[in-house]
Every structure is written in C-alpha cells, then in structure tokens.
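Since the structure comes first, as structure tokens, the remarks are kept for the end.
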Amino acid sequence: MAAGSARGWIGPLAITLACCVATTVASPALAQQDLDAQVRAALRNAGFTGTIQAQFLPALGRPLNAKLANLGRLLWFDKLGGLHDDNTCGGCHSPSRAFGDTQSIAIGIQNNNVVGPHRQGPRNQRRTPFASNTPFYPNLMWNGRFASISGDPFDNSLGFRFPYPEGTTRFPPNDPIVTHLSIAQAHMPPTELTEVAGFTCTAGTIGPEFDQFDDGRGACLPPADATGTRNDPIREVVVQRLNGNAAYRQLFGGIYPSVAAGGPIDISMFARAIAEFEFTLIFADAPVDRFARGDTRAMSEQEKRGALVFFGKGGCVQCHAVAGQSNEMFSDFKMHVIGVPQIAPRFGVGEGNVVFDGPGQDEDFGLEQITGNPADRYKFRSSPLRNVALQPAFFHNGSMTRLEDAIRLHLDPYTVARSYEPKRAGVDKDLQLRLGPIEPVLARLDPLLQEPTHLTGGEFQALVAFVRDALLDPRATKQNLCPLIPDSVPSGYSTMIFEECR
Ligand code: HEC
Ligand code: HEC
C-alpha cells in the first residue's frame, strides 16, 4: 500500500522532472535540486524523518547508566557466562561487524576461541544478526519469536511474548524490572545449548543424537525441572557462577544495593546489564538520516537515485518499511518468503550441531517452527537494513556473501534461487556440501516478489549504493567498535581472539 501511493506520488513528479530537464539542459544545479526534491518527497511519503537516533533516550524515558552498561560490556566478552567457559555473546555478535556475525551460519559452543573468518566449530542453524540497534525492534530473531505485544519494544504495558517455556507469563505486563524487550531477550542466550550453554547439562534428556556432544565435564546442574524446561536451571547455574566470583560481586554490588548488602546477583541483573550495553549500541544516524534532516550533501547523486528506486520502482520499502512501529529500521518486522536458498551444514561431530527441518533435515522452516502452521513455512522477518554493508554474509543463513547478490535475489527470485551454487556464492567450504530443496520455498513466494522487477544497470548500481552507503552509520564500523573489547574480564579468562580487530 505504501509503495503504491509512493508510485502515485513520484509518477507526476518524474514527469515534471522530465519536462524541466528537457528545457534546462544547461543547468545541472537545477536538475540536482529536482532530484533532491524527489528524494525528500519519497522519504516524507514513506514516513521517514531521519530523527530516530535522537528519539532513543526520550523513548527509554531515562538517561543511560554508564556503570551498568560497562558491566554489560564485560559480560558480553566474558566466557564465564557459558557453562563450559567456551562462548559468550561476543563470540557471535562481534564488534568488528557491528555486533553481528563473522560467519554465514553461527558457530557457538566448542569453537576454536577465534572470532572472524577463521572461527571453527560446529555450526548452529542461522546467521547472527546485529545486536546493535535491536533496542528499536518490536520483535526479535529471524522468525520474530520474541515480541513486545504492544508492538513497541519500549512499552511493556501488554507484556512480552516468547515461545514456550517463557510464554507470556515469564515477562508479564508492567513488570517493574523487565521494562524493555531487550531486557527480556537478554534472559535467553545463556540458555541456548548450541550457542552458549553446551549439551552436557542435558545429556540423555533431549535425545541420544546430542549425547555425542557431551564433553563429559558435567558442569550443568541441576537437571531439567518438573515442567521439562531446562532454561531456569541453566540460568541458576549462570548466576551461581557470577555469585562465585568476587570481582562480579563487587561490580554488581556497585549498582545494586541488595548485592552490596550480601544478597545474590540474580538473572534479571545480568539481563539488565546486557540490555544497558545494547542501549549504547544505537547507530542510526546515517547519510539518509542527515539528508532527511535537511543536509542535501549527505548523500551522493548515485545514492539519491538509488533512494528513488528503493522507495519507488524497486518496491523495497513495502517490506523494508520506515514508518510507524518500524522505528525507521527499514523493516516491517513481518515475516515473508523471499526464496532464500537453503544451505545446510552436515550434522555430526565437528560439523553441525542442530538438526535442520524437513525430511532431508536440510531445511529451515522459519516462522512455522514457532506457530506450527505449515502456511508459515520458510517465512523470515524482513531484515532491518541499517549498516547492512558491514555484514560478511546475507540472509538468515548467510547463503549470499555479496550485497549485490542479496539484492538481485529479490528482483527475480525464481531465476536467481534456481541457479544458486553455494561455491559461487562464496560461502565457506563446510556450507557448500548440502543444499535443501528450493521448489517448496519458491512455491510459497511472497506475492510481492512473484513478478520480476526490471531495473537498468544504472538503477541497480544506484540501488546498491543507497543500501550499502546511505544506510551506514560510520560509528558502527570496526574502527569505532573494536576498542570496546576489554583488555581483561572479571573472570580472569582470556577474551577470544578477534581477528578482524587486530
Ligand atoms: C552462537 C552464537 C551466538 C551467541 C553466543 C549469542 N548469540 Fe545472539 N543471536 C545468535 C543468532 C544465530 C541469532 C538469531 C537466532 C534466530 O533468529 O533463530 C541471535 C539473535 C540475537 C538477538 C536478536 C537480534 C535480532 O535482530 O532480532 C539479540 C538481541 C541477541 N542475539 C543478543 C545476544 C546476547 C546478549 C548474547 C549473550 C548473552 C548472545 N546474543 C549470544 C547467535 C548468538
Ligand atoms: C516481500 C518483502 C520484501 C521486499 C519487497 C524486499 N525485501 Fe529485502 N528482505 C525481505 C526478507 C523477508 C529478508 C530476509 C530473508 C531471509 O533472510 O530469509 C530480506 C533481506 C534483505 C537483505 C539482506 C539483509 C540481511 O539481513 O542479510 C537485503 C540487502 C535486502 N533484503 C534488500 C532489499 C532491497 C534492496 C529490496 C528492493 C529491491 C528488497 N529487499 C525488497 C523481504 C523483502
């Protein structure tokens, strides 16, 4: 609907431009002004203001707590939070990549302590999205499974919805502590077996196929609770580890009087620290924002032409939305099937540690995993596109490693997906071995993408320039973020080796 009206608006303008360019061939300045006017109109029409960065603190309703954020930063890089001391947020959410993945598909536990192209270890199922800017997202994860029911991450008046076992009761409406979706979310990663926790704690309880990953150290106590959920027991172990560490007790005590008085560090304190650090990672002031605020020189002419394609003929804004609850993040935060090729690592020791979906165990059912509804199969959240140029790979499984290829898929999914070859797409060797079926994916393709979009070579290059450069906040680059890696962490463990930060 939005793009339909955008077209209606830009159409007459384009005719105006054609008329004026024809009569004022000698005046590039005038043509430039017309281009600026068209881009301004397209942005306004899409609901884009370029002011979202400045709206963050007002939405949060309080200043940031620098001490708490710094504690979150230390936790981010400290392997103490992983039950086998082998992974932490930073292993996958790397500062060299705006706190996103260095890999096509994340490598979690049992890794080689390296973060970067040479990271090795068993693959999980999906690519790690940026943690930066996530405090603006009304729902989180590739299938949106963690959501603020109000549609606003800053508003918990209706509570936060998570899948079983958290459901809607773990983070109820108006909880005085879990006030933001990011705080609720930060309760989750430590419980992920493949990412952080490891399999040991549940050996024998989730199926024999996982026992081979049991490293025999048996650190995960107590066992799964009566309801069959192991999340709270794992959280208990994480806080036991923090409470057993004098340096952390002192740091938490400096923030929470109850800890200073001898009380326990609890999991919500961990989550609040992590979320506070994420609140410092808002990088949403890019050239397109500065342009929208009136600085016509913030974007190059090519980026401006690309913007017209993005908001007009390309139809991108229909899903990569910038109005209302999208918080100008270039996503409608809804789920769509766009025809992403299904790459799948082999399952087994040293290869993958997640059993993929489908009869060949080489598929990812996306939203269906959460809703159980086959109509939701292969649906994934429209990716928020800010700072996307900093990603080494694209889509939920990193099946494309060049931004151009990722954009081209949208223009003609049938042709591009059917001719996909993992090796040519540039994915790592262990991801070139298996390809899930593509026809069932294409059979469910979003109606918006069923007709190919024809762009000229110039339009395509301009579109790429817009997505790559005009959405990039320079503060999100590794030059700015690698210095956030602490020299040392409270546990005394070494931090991982961040190859791209050296
Ligand atoms: C093994 C790698 C790995 C580790 C370690 C990890 N994550 Fe993630 N993270 C992921 C992946 C993969 C996803 C997307 C998963 C999905 O959608 O199914 C994700 C999603 C997220 C998201 C939501 C992003 C979005 O766009 O919706 C946030 C926020 C996040 N992680 C924070 C954290 C924090 C905080 C930690 C540490 C406590 C952490 N992660 C540890 C891999 C990891
Ligand atoms: C029908 C909705 C829809 C339209 C229209 C659309 N996209 Fe997307 N886009 C998505 C979804 C959904 C994803 C994530 C798919 C996945 O990872 O499985 C995505 C992912 C992307 C990515 C990869 C980002 C990442 O996280 O790796 C880029 C780049 C992108 N889109 C650009 C564009 C451009 C440019 C256009 C216009 C030509 C466009 N999109 C049109 C839905 C859409």
Revision key, fill the gap. Note to self: C-alpha centroids of the range 280-342 and the range 348-395 sit apart, in Å, by 23
Check your understanding: Once the piece of chain linking A247 and T280 is laid out straight, how much longer is it, given 0.36 nm per residue of separation minus the C-alpha distance between them?
Key -> 9.6 nm
Practice item. Indicate the gyration tensor shape class of the range 85-159 (rounded, prolate or oblate), computed on the Cα atoms with a ≥ b ≥ c the square roots of the eigenvalues: a/c under 1.5 is rounded; otherwise a/b larger than b/c is prolate and the rest oblate. Key: prolate
Exercise for review: First check a/c for the range 346-502, with a ≥ b ≥ c the square roots of the eigenvalues of its C-alpha gyration tensor; if it is under 1.5, answer rounded, and if not, answer prolate when a/b is larger than b/c or oblate otherwise.
Suggested key: oblate
Practice item. Kindly report the accessible area of the chain per residue (heavy atoms of protein chains, probe 1.4 Å, no ligands, DNA or RNA), in Å². Key: 40
Review point. In the range 294-324, which residues have a backbone nitrogen under 12 Å from the label point lying 7 Å from T415's Cα in the Cα-to-Cβ direction?
Key: none
Check your understanding: Of the accessible area of the chain, with the probe set at 1.4 angstrom, what percent is carbon plus sulfur?
Key -> 56
Review point. Taking Rh as the Kirkwood radius computed over C-alpha pairs, what is the Stokes-Einstein D of the range 446-487 at 10 °C in a medium of viscosity 1.306 mPa s, expressed in µm² per second?
Key: 118
Review point. Share of Cα-Cα pairs in the chain beyond 40 Å, in percent?
Key: 22
**Study point:** the range 347-406 - convex hull of alpha carbons, volume per residue in Å³
**Key:** 121
Review point. What is the distance in Å between the Cα centres of the range 116-130 and the range 24-62?
Key: 36
Review point. Length gain on complete extension for the stretch Q450 to R44, per 0.36 nm per residue less the alpha carbon to alpha carbon distance?
Key: 143.4 nm
Revision key, fill the gap. Across all Cα atoms of the range 25-171, Rg and the largest Cα-Cα distance (Dmax), in Å, are 20.8, 69
Exercise for review: Assign one of three labels to the range 305-349, namely rounded, prolate or oblate, based on the Cα gyration tensor with a ≥ b ≥ c the square roots of its eigenvalues; rounded applies when a/c is under 1.5, prolate when it is not and a/b is larger than b/c, and oblate otherwise.
Suggested key: prolate
**Study point:** Proximal lysine pairs, the chain, alpha carbons under 30 Å, eight or more residues apart or interchain
**Key:** 15
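The values are calculated or read from the model by the stated rules, or taken from the named source; none is laboratory data. This is a predicted model, so every value here is computed, not measured. Counting neighbours? That spans all protein chains shown, and the Cβs are built from the backbone with ideal geometry, glycine included. Just so you know, the surface numbers come from the protein's heavy atoms only, side chains and all, with ligands and any DNA or RNA stripped out. Shrake-Rupley method; radii C 1.70, N 1.55, O 1.52, S 1.80 Å.
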